[in-house]
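K.L.:
Here's a structure for you.
The values are calculated or read from the model by the stated rules, or taken from the named source; none is laboratory data. This structure is a prediction, so every number in the text was calculated from the model and none was measured. A quick note on method: Cβ atoms are made from the backbone with ideal geometry, for glycine too, and the neighbour counts reach across all protein chains shown. When the accessible area is computed, the model is the full protein with side chains, heavy atoms only, and any ligands, DNA or RNA have been set aside. Shrake-Rupley method; radii C 1.70, N 1.55, O 1.52, S 1.80 Å.
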Amino acid sequence: MTDSKNTGDKTLSVGQRKPLGLRRSGDSGMVRQSFSHGRTKPVVVEKKRRRISAPGEAEAPVAEKPVAAPAPKPAPKVELKPRPEPAADRSGMVLRTLTDEEKDARAQALADSRQRETEERRVAEEEARRRAAEDDKLRAERAEAEARRAEEESRRKTEDESRRKAEVDARERLGDGEAAPAAAAAPARKREEEEEGRGPRRVKADVPAKPVRKTDDDRRRTKLTVTNAFNEDERGRSLASMRRRRAREKSRGINDGQAQKISREVTIPEVITVQELANRMAEKAVDVIRLLMQQGQMLKINDVIDSDSAQLIAEEMGHTVRRVSEADVEEGLTGEEDSAEALKPRAPVVTIMGHVDHGKTSLLDALRKANVVAGEAGGITQHIGAYQIATEGGQLVTFIDTPGHEAFTAMRARGARVTDIVVLVVAADDGVMPQTVEAINHARAAEVPIIVAVNKIDKPDANPDRVRNDLLRYEIVTEAMGGEVQEVPVSALKGTNLDQLLDSILLQAEILELKANPDRPAEGVVVEAKLDKGRGPVATVLVQRGTLRIGDVLVAGSEWGKVRALVDDHGENRDTAGPAMPIEVLGLNGAPEAGDVFVVVENEGRAREICDYRQRQRRELQQARIARKTTSLEQMMSDLKTTGRAEFPLVIKGDVQGSVEAIAGALDKMSTDEVLARVIHSGVGAITESDVTLAEASKAAIIGFNVRANKQAREAAEQEGVEIRYYNVIYDLVDDVKAAMSGMLSPELRETMLGNAEILEIFDITKVGKIAGCRVTDGTVQRGAHVRLIRDGVVIHEGKLSTLKRFKDEVREVQAGQECGMAFENYQDMRAGDVIECFRVEEIARTL
């Protein structure tokens, strides 16, 4: 016999019906027993659960046995009472007695249960007290909210009553037509207030008043608890409602904008962008741009305007202006004026000026007994030089030599500004020349006395009287002509009257009573600046007052540095440089501009701050100048004229700043309406690889004046095909650039008359067209020449001859008095009696 468990068999039959009974507490199942001869019988098997005992108590296994549907028993009730003696159940099984450990465990469980009940009771009482306190607080808040609501209601009623009285008064004064909009606005305002939740609410009689509605911020800040959730009786305002409320408040503010205008105090510097000005006024940038357009300025938000325009805009928009200047950083830079007790005599500063090749540098060489002319290329001075010499009496005189070429106008102007006396050199054989007149004007602008030195008196054709008479035209009256201007005839080559010239200079200096204070920080002017390969930036300065020492922190224009070395005009190192002494300064971080003022400051921080301000000011002012260019009709026409102008781009590198400035000025003067010399970049120092890269990108040529390109720059120029030209005389540079610019000019067309012919008859030939039978009346007619067809004295066609035949042969030219046949290119309208004018067009190269 085999047993098989079949719990899924749900088939019921009469002979195999399950016995009826109560459900037992254990798990039961159906098991089918198999007998011999194929007979089976289902039986019910019940599995008893094991009794869970206390720790240490042995578990008695309960055997499973098949039963035939035993009668169900109720679940026994467990009691934790110790039994004195073992007892037997109904089935006869003897129950064992609990041990002492089991008894202790059960007693401990009872004690823990009692302790838990006590703790739970205490927590419940505390929760009840907390809820009672919250209810009291909530009732107090409801009462307070109700009081506020009543106060708000009374205030609203008072306002409505006053508004109605005002409407009635307005209606009586202005009439019903004008008071109607105000009356219509009151219900709308009331609906709006009710929509916002500020109006009266209906409260049921049997329900306590609801608490005041919390704002969105309070609702988001409050911690969400069960009590808060159930006390939030009414629904909070939605985000869409809040947006509509903000939009209404914003529109109301816009409508009342004139009344709510806030006037601010706006701080305006020297230059400011449009966007920054709008931000400081708290205005829209488009409103500022609109006002600028009304003033005729087309600007964007990133454009820069000056302080005057910014002040007009701010005052127009109702703000007060407080103007400040970033130049406050330069306050106290130059120091106070020196007292008369601190002043001591100083050497005079003399500038030698005159026309080119009149012997200025030769005269200076004779005075200082040095050969400076031999060091200048081409025998002409192209740098401004400063020297100091000692006379026989031990007195010092500082000389400044300026170039006489017309391109060095700025150099001569700088020399005249820093000088005390001007020595005007005029050649006795050449007389007064254009640069002589320019030197006179510079001296008068600087208000300095003039001493005339008539040079080259050793020449046979020298005529000093001619010089004196020429100077009279420019109001220079010498002592020989009864005036006050000193005149000294000299010869730089022979050394004639040089001592007399020095005496005249010292006499004039004595009259001027030149003094300075040497016991103070140095101040002066930059005469020249260059970039030396081995020494770095080098500035030739002239100390005007104070004493310059090694280690001083120097500010020159927008550059600064610490003085590392001082070199005089003889190449010797010096520790100090006093007033009226020219000196070379090493240690600057860059080459300053010629003509900049230098000042010694107390520390590097102050020097860096000043230089940063000056560099920023230079950039901003340049942007402001570009932005101030208005687009007028004249400007548009000028732009149209210059659109087709050819450009000759150049990159200029020179040895000193003054030479670069002079070259740029000379090239600018050569520009015309047809061709322009555009200087893309100019600087001091050797030609570098970056200069070649810039020239290659701009399709420009590089000009080096007394400088050379390094190895990397030469290789890059050869690879990119950039032309580098070296010059050491400004004449050659100007001539070559002028020739190159002349080649860019369109050639001039010139007509040369050849002859005239008269049409006698027109022949129409198939596949050829019309042929004009002509007789040459004067000159010659050449094949391929330009012709004009004249009818009744009016030119009706201009073109070229395509065919010239005599009889049946093509000929090159036909002389006067002979007959020939002519045909025009792409033209057939010829008539008998017309005149043909033959001419040749020649192209003539133009020059600047």
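K.L.:
List the residues whose amide H sits under 5 Å from the amide H of Trp560, counting only those 5 or more places along or on another chain, with H placed 1.01 Å from N in the peptide plane.
P.N.:
Counting only residues 5 or more places away or on other chains, the set is Asn589, Gly590.
K.L.:
How large is ³J(HN,Hα), in whole Hz, for each residue of the stretch 345-350 in order, when computed from phi with the Karplus curve 6.51 cos²θ - 1.76 cosθ + 1.60 and θ = phi - 60°, using x for Gly and Pro?
P.N.:
With the stated coefficients, the stretch 345-350 comes to x, 9, 6, x, 9, 10 Hz.
K.L.:
In square angstrom, what is the accessible area per residue of the stretch 654-711 with a 1.4 angstrom probe?
P.N.:
41
K.L.:
Per the 1.4 Å probe, what fraction of the accessible area of the stretch 391-546, in percent, lies on carbon and sulfur atoms? Don't skip to the end; give the middle numbers.
P.N.:
On the way: 3180 of 6760 Å².
Result for the stretch 391-546: 47 percent of the exposed heavy-atom area is carbon or sulfur.
K.L.:
Leaving ligands, DNA and RNA out of it, report the carbon-plus-sulfur percent of the accessible area of the stretch 566-607 at a 1.4 Å probe.
P.N.:
Ligands and nucleic acids excluded, carbon and sulfur give 39 percent.
K.L.:
Then there is this: Shape of the stretch 641-734 from its Cα gyration tensor (a ≥ b ≥ c, root eigenvalues): rounded if a/c is under 1.5, otherwise prolate when a/b > b/c, or oblate?
P.N.:
Oblate shape, in that a/c is at least 1.5 and b/c is the bigger or equal ratio.
K.L.:
Scan around Gln486 for amide H atoms under 5 Å from its own, H built in the peptide plane at 1.01 Å from N, and keep only partners 5 or more places away or cross-chain.
P.N.:
So Gln486 has HN proximity to Val452.
K.L.:
Would you kindly derive the ³J(HN,Hα) couplings of the stretch 462-469 from the backbone phi angles with the Karplus curve 6.51 cos²θ - 1.76 cosθ + 1.60 (θ = phi - 60°), listing them in order in whole Hz, with x for Gly and Pro?
P.N.:
After applying 6.51 cos²θ - 1.76 cosθ + 1.60, I find 5, 9, x, 5, 5, 5, 4, 5 Hz.
K.L.:
Count neighbours as other Cβ atoms within 10 Å of each site's Cβ, and list the GluC sites (Glu not before Pro) in the stretch 654-758 that are DSSP loop with at most 12 such neighbours.
P.N.:
Here the sparse-neighbourhood loop sites are Glu723.
K.L.:
Moving to a separate point now. Rank Arg368, Arg831 by accessible area, highest first, at a 1.4 Å probe radius?
P.N.:
Output order, biggest surface exposure first: Arg831, Arg368.
K.L.:
Hey, another quick one. Which of Lys699/Lys738; Lys344/Lys494; Lys165/Lys284; Lys369/Lys562; Lys137/Lys250 have a Cα-Cα distance over 30 Å?
P.N.:
Violating the 30 Å limit, Cα to Cα: Lys344/Lys494; Lys165/Lys284; Lys369/Lys562; Lys137/Lys250.
K.L.:
Per residue, how much accessible surface does the stretch 766-848 expose to a 1.4 Å probe? Answer in Å², no decimals.
P.N.:
Value for the stretch 766-848: 60 Å² per residue.
K.L.:
In the stretch 789-848, if the dipole is taken from +1 on Lys/Arg beta carbons and -1 on Asp/Glu beta carbons about the Cα centre, which of Val794, Thr847, Ala816 is farthest to the positive end?
P.N.:
Ala816
K.L.:
Would you please name the chymotrypsin sites (Phe, Trp or Tyr not before Pro) within the stretch 736-831 that are DSSP coil residues with at most 12 other C-beta atoms within 10 Å of their C-beta?
P.N.:
Here the sparse-neighbourhood loop sites are Phe807.
K.L.:
First compute the accessible area of the stretch 774-848 with a 1.4 Å probe, then give the percent of it belonging to carbon and sulfur atoms.
P.N.:
Result for the stretch 774-848: 43 percent of the exposed heavy-atom area is carbon or sulfur.
K.L.:
Report the accessible area of Asp357, computed with a 1.4 Å probe over the heavy atoms of all protein chains in place, in Å² rounded to the nearest 10.
P.N.:
90
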